[in-house]
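Since the structure comes first, as structure tokens, the remarks are kept for the end.
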Amino acid sequence: MDDTVAARLDEIEQVFEETERSLGDPEVLSDPEQLAELGKRHSDLKDVVADIRRWRAASADLVEAKAMSSDPDMAQLAKELAREIEQLEDSIKVALVPKDPNDSRDVLVEVRPGVGGDEAAIWAGDLTHMLLRYADRSGFKTEILEASPSEAGGYDRVTISVKGRGAYSRFKYEAGVHRVQRVPKTESQGRVHTSTATVAVLPEADEVEVELDLNDVKVDVYRSTGPGGQSVNTTDSAVRLTHEPTGLVVTCQDEKSQLQNKEKAFRILRARLYQIEVERQQAELAGARRDQVGTGGRSEKIRTYNYKDNRVTDHRIGLTIKRLDQILQGDLDEFVEALAADEQARLLAEGDPA
């Protein structure tokens with residue numbers, strides 16, 4: 001590695017050692033917020049520092065082995081050390097690629113029908129089930145924050161909270177248009193229809209990260225209703241929040257308690273405002289939904305689910321898997337890992353991560 005990278009490794013080790021010392025400081029131990037921050041930093045650096053130290057030791061051993069390479073055993077050791085050093089350098093370079101600062105966050109996942117009428121709503125319900133199963137298989141905790149069931153089945157809108165370390169790093173690859181090709185249950189002629197549903201993935205924000213002036217939020221309460229408009233509650237428990245500076249509107253009516261609905265609605269509003277701020281800072285389009293899912297048209301797709309051929313194709317990386325039934329039960333790891341590897345390769349190709 002060149003001198004610039006070597007200096008970066010020295011800096012990483014120094015930060016790690018300082019973090020370890022701080023974790024033993026009584027003042028830090030009595031401050032839960034600081035303790036959590038330092039604990040996360042220690043966890044994030046632990047593996048790469050272990051690789052750096054193994055790389056240093058192997059490099060020193062290689063110098064000695066080369067000095068005695070006239071001995072066949074030492075010559076063989078030198079070859080093995082060279083291979084180990086190359087593997088460690090690759091691992092360290094990957095670790096030095098800047099991480100998405102949102103990767104460790106909890107997320108809110110919004111699913112909505114796209115093109116296809118009633119079949120799109122039913123498909124939105126199937127996608128919601130797939131994502132809930134994937135979260136469960138991954139060890140994450142889920143909660144449905146808002147849901148608007150469709151009369152035909154499925155959903156007109158649903159928002160899920162997914163909690164657990166690294167939730168965003170796994171779910172961010174599901175953001176976009178999901179296209180399905182199948183014969184709908186309502187199709188009497190047996191013709192294959194193409195429908196879509198959109199998925200938006202929003203990193204959940206802490207209250208301290210979003211400056212939310214309550215004077216900017218209009219709060220309306222009303223009686224919650226079910227499909228077709230029938231009343232499902234005799235009290236004004238449903239809540240609608242309107243953030244007047246941005247025009248964002250959030251509704252929540254799933255809980256019987258107005259207070260619980262209000263709390264959920266504010267969580268969703270904070271996540272959407274946080275995403276807008278992140279995208280503003282990155283000079284991207286404001287609004288996570290528009291940026292992630294486009295118009296929801298049939299041609300704007302990240303993945304196609306073909307029932308007839310039992311296959312799912314991810315168009316971003318050209319990966320096709322013929323296990324549609326298992327994938328719809330939340331078996332998404334092969335796609336997620338391939339997409340993560342592709343993202344890593346693209347970041348490495350952009351230049352020296354150091």
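The values are calculated or read from the model by the stated rules, or taken from the named source; none is laboratory data. The structure presented is a predicted model; accordingly, all values stated were derived computationally and were not measured. Backbone-built Cβ (ideal geometry, glycine too); neighbour counts: all protein chains shown.
Filter region 306-334 for residues that are part of a strand (DSSP E or B) and in contact with a strand residue (DSSP E or B) (Cβ under 6 Å, 6 or more places away or on another chain); which is surrounded by the fewest Cβ atoms within 10 Å (Cβ to Cβ)?
Only one residue tops the list, namely Thr320.
Conditions tested, residue by residue: (1) modelled with pLDDT of 90 or more; (2) among the hydroxyl-bearing types (Ser, Thr, Tyr); (3) surrounded by fewer than 17 Cβ atoms within 10 Å (Cβ to Cβ); (4) part of a strand (DSSP E or B).
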{"residue": "Val109", "(1), (2), (3), (4)": "yes, no, no, yes"}
{"residue": "Val115", "(1), (2), (3), (4)": "yes, no, no, no"}
{"residue": "Glu151", "(1), (2), (3), (4)": "no, no, yes, no"}
{"residue": "Arg165", "(1), (2), (3), (4)": "no, no, yes, no"}
{"residue": "Arg170", "(1), (2), (3), (4)": "yes, no, no, no"}
{"residue": "Arg179", "(1), (2), (3), (4)": "yes, no, no, yes"}
{"residue": "Ser195", "(1), (2), (3), (4)": "yes, yes, no, yes"}
{"residue": "Ala205", "(1), (2), (3), (4)": "no, no, no, no"}
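Looking only at region 335-342, decide whether some residue is modelled with pLDDT of 95 or more and not in a helix (DSSP H, G or I).
So far as region 335-342 goes, no, none of its residues is modelled with pLDDT of 95 or more and not in a helix (DSSP H, G or I).
Test Arg290 against the criterion of being under 18 Å from the mean Cα position of the chain (by Cα), farther than 24 Å from Ser138 by Cα and either at pLDDT below 95 or crowded, with 18+ Cβ neighbours inside 10 Å (or both), and give yes or no.
So Arg290 passes the test.
So, Lys93, is that one under 23 Å from the mean Cα position of the chain (by Cα), over 11 Å from Val162 (Cα atoms) and part of a loop (DSSP other than H, G, I, E, B) or not?
So Lys93 does not fit the description; no.
Which condition from (1) within 30 Å of Val278 (Cα to Cα); (2) of a type outside the set (A, V, I, L, M); (3) over 22 Å from the mean Cα position of the chain (by Cα) is the one that Glu119 breaks?
For Glu119, the exception is condition (1).
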